1. Please list 3J(HN,Hα) in residue order for the stretch B:155-164, calculated via the Karplus relation 6.51 cos²θ - 1.76 cosθ + 1.60 where θ = phi - 60°; whole Hz, with x for glycine and proline.
2. If you take the square roots of the eigenvalues of the alpha-carbon gyration tensor of the protein assembly as shown and sort them as a ≥ b ≥ c, do you get rounded (a/c under 1.5), prolate (a/b over b/c) or oblate?
3. Just to confirm, what accessible area per residue do you get for chain B at 1.4 Å probe, in whole Å²?
4. Given a Förster distance of 45 Å, report the FRET efficiency between A:LEU94 and B:LEU111 from their Cβ-Cβ distance, rounded to the nearest 0.05.
5. Please compute the contact order of chain A in relative form: average sequence separation of alpha-carbon pairs under 8 Å and at least six residues apart, divided by the residue count, as a percent.
6. Too long at a 24 Å Cα-Cα cut-off: which of A:LYS70/B:LYS25; A:LYS54/B:LYS178; B:LYS25/B:LYS178; A:LYS66/B:LYS116; B:LYS91/B:LYS186?
7. When chain A is treated as a GNM, springs tying every alpha-carbon pair under 10 Å, which of A:LEU16, A:LEU34, A:LEU84 comes out with the largest mean-square fluctuation?
8. Taking beta carbons within 10 Å but only from partner chains, what does the mean come to for residues B:80-89?
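The values are calculated or read from the model by the stated rules, or taken from the named source; none is laboratory data. Given the structure is predicted, the values throughout are model-derived calculations rather than measurements. Please note: Cβ atoms are built from the backbone with ideal geometry, for glycine as well, and neighbour counts cover all protein chains shown. Side chains are part of the model used for accessible areas, which takes the heavy atoms of the whole protein and leaves out ligands, DNA and RNA. Shrake-Rupley method; radii C 1.70, N 1.55, O 1.52, S 1.80 Å.
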Amino acid sequence: MENNKSHTGASLNYGLYISVWLGLIALTMTTVALSGMNFASLTVPIAIAIAVAKSVMVAGYFMHVKFDSKIFKIFIAVCIVIFLTMIVLTFFDLTFRTDIK
Amino acid sequence: MSNESEIIVTQNSEMHIHRDDEASKIGMWLFLFTELLLFGGMFILYAAYRFMFSDAFSIASIRLDRIIGSVNTIILLTSSLTVVLSITALKRNQKKFAIFLLLFTMICGLLFLVNKYFEWSAKIQHGIYPKGPEMANLPDGEVMFYGLYYVMTGLHGLHVLVGLIFFTFILIFVLKNKITSENIQKFENSGLYWHLVDIIWIFLFPLFYLIHAY
């Protein structure tokens, strides 16, 4: 197992990356198949959840975040919190406005 | 005497090639966050207009080509795999294999752009483009949808092009042995950029091509 790690901590195992890729392709096929079905108000959340799962796989393995030092995870978390704050604030505005729709 | 001078030369050259790979990586990530927030702003715009014009967005998204969208998704995911494999191959000192994988990645990127060209051409032929003849007949919500579609996939396509330019330089550096297993951070950073472009597409694809209401 020692040989599977480089000095930066990233994995040097081809098989690991190929299995992540197979997972990504499987999730893509799932999301395309599901788009033909009607989940009413859950349609958007399901598609977003699959996209989030795929992004976590790409960031975690392909971008090596899983193997990197903790500071990168903190950075990413801060970035995501800022983005979600902006979305929530925008939707507070949209939902409570009366002059649109 | 000669031994002493050799030591001095080694020390000097070591000082000369001093690098901080971790700092370089942090710098790249900080840049990637600015990219995320650039696209994030547009994702918020998309969410707001989808909220206001949900029916029109569903109708408009049915007219996008799901097959081209799916094929492009698979192409981009595969290119992300081959770039990470290429970096791994170079770390394992398998230079030829690394070059092959990098070339494969670049071909994937080009294929993505070629598909995008055909997709946009088909839309433009139908008069669906900003200020196009067909756009005048569409309701406001659908005009917003196609506007966002062109801006967001266009900006994303531009990023694919920039990634390809990065990889062209990396390819030259690898061929000239300026990037080797001991000095790979430039390649890793370009790879990070490519994966980010992939992640953005992972969100663009369902939001524009797949989410229809019934």
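1. So the J values, rounded to whole Hz, are 5, 5, x, 4, 5, 4, 4, 4, x, 5.
2. Prolate shape, in that a/c is at least 1.5 and a/b is the bigger ratio.
3. Roughly 48 Å² per residue, with all protein chains present.
4. Efficiency, rounded to the nearest 0.05: 0.70.
5. Details: 33 pairs, mean separation 26.6, N = 101.
For chain A, the relative contact order is 26 percent.
6. On the way: A:LYS70/B:LYS25 13 Å; A:LYS54/B:LYS178 34 Å; B:LYS25/B:LYS178 18 Å; A:LYS66/B:LYS116 32 Å; B:LYS91/B:LYS186 13 Å.
Long pairs (Cα-Cα over 24 Å): A:LYS54/B:LYS178; A:LYS66/B:LYS116.
7. Looking only at A:LEU16, A:LEU34, A:LEU84, the largest GNM fluctuation is found for A:LEU84.
8. If you average over the peptide's residues, the count of other-chain Cβ atoms is 6.
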